[in-house]
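The values are calculated or read from the model by the stated rules, or taken from the named source; none is laboratory data. Please read these numbers as outputs of a predicted model, since none were measured by experiment. Positions of Cβ are generated from backbone atoms using ideal geometry, with glycine treated the same way; all protein chains shown enter the neighbour counts.
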Ligand code: FES
């Protein structure tokens, strides 16, 4: 993909620091988390967007946008995307357009059987 080539100001693209307060585990066998069985599927839990990428890996990022702090970040086209004004972030939290220049907090994921831990 060539998602970063449109922006020339790399100094604006650094992710913001990840808060140290996220740590929860999802049971992937429950219906509430069924979306995570599908590539591109996501759920929102504790203001965190947890998603399954098209590669089958799990990623997690803040549901709260860094543009104007709206809780409207979702997962779309293998990116974190804010439905308010259209900020786009990579799965690593790097901003892909001007609305996203502050980056997005992302979290670690760890799959163990059907348990998916999200933590910072
Ligand atoms: S609040 Fe997310 S793009 Fe503006």
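Residues in region 1-44 that are exposed (fewer than 14 other Cβ atoms within 10 Å of the Cβ), assigned to a loop (DSSP other than H, G, I, E, B) and modelled with pLDDT of 50 or more: 20, 21, 29, 30, 38, 39, 40. In region 89-102, of all residues being surrounded by 18 or more Cβ atoms within 10 Å (Cβ to Cβ) and closer than 20 Å to residue 45 by Cα, the one that is farthest from the ligand (Cβ to nearest atom) corresponds to 91.
Number of residues in region 67-94 that are touching a helix residue (DSSP H, G or I) at 6+ places or on another chain (Cβ under 7 Å) and either in a helix (DSSP H, G or I) or over 20 Å from residue 35 (Cβ atoms) (or both): the value is 5. Filtering region 49-88 to residues that are under 21 Å from residue 110 (Cα atoms) and either exposed (fewer than 15 other Cβ atoms within 10 Å of the Cβ) or within 16 Å of the ligand (Cβ to nearest atom) (or both) leaves 49, 54, 55, 56, 57, 61, 62, 63, 74, 75, 79, 80.
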